[in-house]
Amino acid sequence: MNQVPCTHCNLEFPKNVMIIEQDNDKELFFCCKGCEGVYHLLNDQGLNSFYDKLGENKLQPASINSDDLEKFDLEGFEKKYITTTDDGLSQVNLIIEGIHCSACVWLNEKVLHQTDGVIETSINYTNNKAKVIWDKDEIKLSGIIEIIRSIGYNAYPYDPRLQEDRAIKTRKNYYSRILVAVFGAMNIMWLAVAHYAGYFGGMEQSFKNIISVAQFVLATPVLFYSGWIFFRGAYYGYKNNIVNMDTLVASGAMSAYIYSIYAMITQRGEVYFDSVVMIITFVLVGKYLEVLSKKSAVDTLDTLMGSTPTEVTIVKDGIKSIVSTENIIIDDIIELKSGEKVVIDGEVIWGEGSFDESSLSGESEPIYKKSSDTILSGSICLDSIIHYKATKDASNSMLNSIVNLLEESITKKPKIEQLANSISGYFSTTILVIAILTFAGWYFGFGSFEEALIVAISVIVIACPCALGLATPMATLVGIGISAKRGILFKEASFLETMAKSDILAIDKTGTLTEGKPSVVGVEIFEGFDHSLLYALVDTSNHPISKGIKEYIISNYDDISTMELENIKSIEAKGLSASYQDKNILAGNAQLLQSSGIEVDSNSDNSLLFLAIDNKLVASFELKDTLRDGAKEAIRDIKALGIRVVMLTGDHKQSADSIAKEVGIDEVYSKMLPQDKSNKIDQFHTEGHIVVMAGDGINDAIALSRADIAIAMGGGADIAIEVSDIVLLDEKPKSIYESYILSRRTYQAVKENLAFSLLYNMVAVPLAVMGFVNPLIAALSMSLSSLVVVGNSIRIKQIKFKG
């Protein structure tokens, strides 16, 4: 029967069982769907030169586990791991297996960016987590996974609960390879030390041959078993036309190995099996320590989600049942027992007890909750049984929102990291070229092939793109982890860099410097006042002044009638207006009433609210807000950093000046409408400043969106939190100061790491080119350079905070 070779793997099969395609005038034969898929993928990616290199060699047929891929498109998988963006696109967080240098990140991002339907791909080198956004109408997630696998990597959904098991598996894999490498290194170095010390000087050649064979036996398993991860990485780099760190290590070690075999067989020159072993051992141990360090750095996020219950007890028609958190809907009644963690946000409807919210706000004191109080996911019930009504589903609850913010933050790369990655992308190729030129220079200059090869190997091995690739992501990950523990959520890692460079802090008064809960300290009642009418009006607003008036009326009046108001309007930064039956109601500040021709006395250091009915003043209320704990000290410390602090507030001048004087702010802008605050931010920009804005209300949203960095208090308006770049869960002014300290310390570590990485390579490579470094020292130096960067990043954890 007529046999034809498969166009991909070159294995021959009968023609009648082959998959036949027509490509222009060329007939293509495939033995299976796997080979057909890989062939088209390589051609689509412009990698069809692979078949020229393959020649007549045969491959194993490509295998596709369709059962495994299908699970990525199942409804249950989608519900658990895939979210939908505001644009209607699909988003998933994946862990990419097999990444161990920045070039691996570059390769995966490049291939996915070239894939139709994939909108965005961002991979974090420190934890191998990829955020992928795609259009499911153009490509399925299974297709994306298949592409990742086709270039030599694997991908699975990010699940913190499984991360520790996978981390243990990875460590065991490294550990077994390191054991073989260390065993070989210890034994081969006994022989190498004796050789370098001159003890083999008078030895007969036959004994030297035996020692060379012994070194060969020890070096071979170290190179091909312990060093397998470098050969695998180099192969896939070659397959996709890139030069990575693995290429440098594998080519350096392999060159020394092949030359040593030649020297051993021909008995010409020295063998360098000891260099082969030490190159693999040093670099492998370095990578293993790097894996351990990176795992330590990401434990904050994994711990946060890993300990979260996946099931809750719901009560329906008096019957209790255990339900998965993903199946909880709004208004479900959930039972919470002592010691259990809250998974779904809700409102207490039965029972009372104390809750630990330290993981959310940093507040160490238990907080008492009773009926109608809000409880947040992430808090822990300490001492009783509570029934509460779910007000959000699992995906929109506080804990999940925090985790999403953290996940988002570590996938967004700062500008300085993008620059470092672009440099490291070309770094390895440059080093390989330098090594080839070095070999040529030494060989033609001094005539010694052996010496030229060893110097070239030293150049290849000593260069370290990993230190450069790790410089930024390692430091930013540690910084984000520390800030999360202190209730400071950076939405993107890049905001650390921007905040570190900022020189102006524009800060709102109400709800930021003050508690945002003003209470009534003075009242004047005139003829025609109706407390029920005022209550109905302020009940339509969430402004702190309105809430303060509402609390006052509830506390001082028992007979509050329900009134249906009409034509209710919120007048920007001034107050409220409405009508009831034939009455026109106006409540707000002095500016609002004066604009309507009503004279009022606005001479007070506190906030004032006036009530007029049919253009007649019927009441005035004086309210005082409480300064937030530590506000004065926070402003003092921020100013000590060289930051210019300005207050932007809609309050009247006396109230603003009073608070500003109390906390130590010299530059105050009062009676500002939302657009006035925004214009002031723009003015600062035109003067060349980098501006941080801190606020919490709806009236701050425009200014927050205009600032370089927007900081929102965690209990503020949803829109303020939405447009913010940093969220302060504990709502304390000192957290703004801590944000500055953390961002500056992290950015300093990034600059130190980059400076060290560049300096190391600028010094080490020329020394190797000049022949001052042998391969053993080169391998040790390469590993230590990466560990120095990791160690310097971990030092951020030693940061000291005041108080």
Selection from the range 669-690 of residues that are out of contact with any Lys or Arg (no Cβ under 8 Å at 6 or more places or on another chain), among the hydrophobic types (A, V, I, L, M, F, W, C) and at pLDDT 90 or above: 684
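Any residue that is among the hydroxyl-bearing types (Ser, Thr, Tyr) and in contact with a helix residue (DSSP H, G or I) (Cβ under 6 Å, 6 or more places away or on another chain) - is there at least one of those in the range 523-534? Break it down stepwise before answering.
We begin by selecting, within the range 523-534, every residue among the hydroxyl-bearing types (Ser, Thr, Tyr); these are 532.
Narrowing further to those that are in contact with a helix residue (DSSP H, G or I) (Cβ under 6 Å, 6 or more places away or on another chain): none.
Within the range 523-534, none of the residues are among the hydroxyl-bearing types (Ser, Thr, Tyr) and in contact with a helix residue (DSSP H, G or I) (Cβ under 6 Å, 6 or more places away or on another chain).
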Some residue of the range 230-253 being out of contact with any Phe, Trp or Tyr (no Cβ under 8 Å at 6 or more places or on another chain), surrounded by 14 or more Cβ atoms within 10 Å (Cβ to Cβ) and either at pLDDT 85 or above or assigned by TED's automatic domain parsing to the domain that holds residue 132 (or both): no
Qualifying residue in the range 748-767 (condition: outside any helix (DSSP H, G or I) and either in the same structural domain as residue 706 (by TED's automatic domain parsing) or closer than 22 Å to residue 480 by Cβ (or both)): no
Residues satisfying the stated conditions in the range 554-596, i.e. among the hydrophobic types (A, V, I, L, M, F, W, C) and without any contact (Cβ under 8 Å) to a residue 40 or more places away in the chain: 554, 560, 563, 565, 568, 571, 576, 586, 592, 593
Test: residue in the range 633-646 that is in the same structural domain as residue 704 (by TED's automatic domain parsing), touching a Leu at 6+ places or on another chain (Cβ under 7 Å) and under 26 Å from residue 587 (Cα atoms): no
Filter result for the condition that a residue is touching a Ser or Thr at 6+ places or on another chain (Cβ under 7 Å), over 20 Å from residue 648 (Cα atoms) and among the small types (Gly, Ala, Ser), over 555, 546, 532, 519: 532
Residue check for residue 705: outside any strand (DSSP E or B) and farther than 27 Å from residue 729 by Cα: no
Evaluation of residue 347 against (1) surrounded by fewer than 18 Cβ atoms within 10 Å (Cβ to Cβ); (2) at pLDDT 85 or above; (3) farther than 27 Å from residue 728 by Cβ (one fails), failing number: (3)
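Just the residues that are at pLDDT 75 or above, outside any helix (DSSP H, G or I) and surrounded by 21 or more Cβ atoms within 10 Å (Cβ to Cβ), please, taken from the range 388-406.
In the first step, residues of the range 388-406 are kept if they are at pLDDT 75 or above; the result is 388-394.
From what's left, outside any helix (DSSP H, G or I): 388-393.
Those that are at pLDDT 75 or above, outside any helix (DSSP H, G or I) and surrounded by 21 or more Cβ atoms within 10 Å (Cβ to Cβ): 388, 390.
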Enumerated strands (runs of 3 or more DSSP E) restricted to the range 623-699, each holding at least 2 residues that are of a type in the set (Gly, Ala, Ser): 691-695
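Looking only at residues that are more than 15 Å from residue 537 (Cα to Cα) and in a loop (DSSP other than H, G, I, E, B) in the range 583-599, which one is least open to solvent (accessible area, probe 1.4 Å)?
My answer is 598.
Just to be sure before I move on: is residue 178 open to solvent by 60 Å² or more (accessible area, probe 1.4 Å), part of a helix (DSSP H, G or I) and at pLDDT 80 or above in the structure I sent? Give the derivation first.
Values: open to solvent by 60 Å² or more (accessible area, probe 1.4 Å): no; part of a helix (DSSP H, G or I): yes; at pLDDT 80 or above: yes.
For residue 178, the condition - open to solvent by 60 Å² or more (accessible area, probe 1.4 Å), part of a helix (DSSP H, G or I) and at pLDDT 80 or above - is not met.
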Unmet requirement for residue 541, which otherwise passes all of (1) touching a strand residue (DSSP E or B) at 6+ places or on another chain (Cβ under 8 Å); (2) surrounded by fewer than 20 Cβ atoms within 10 Å (Cβ to Cβ); (3) modelled with pLDDT of 85 or more: (3)
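The values are calculated or read from the model by the stated rules, or taken from the named source; none is laboratory data. Note that the coordinates shown come from a computational prediction; the quantities given were computed from them, not determined experimentally. We place every Cβ from the backbone using ideal geometry, glycine too, and count neighbours over all the protein chains shown. Protein only, heavy atoms only, side chains kept; ligands, DNA and RNA dropped before computing areas. Shrake-Rupley method; radii C 1.70, N 1.55, O 1.52, S 1.80 Å.
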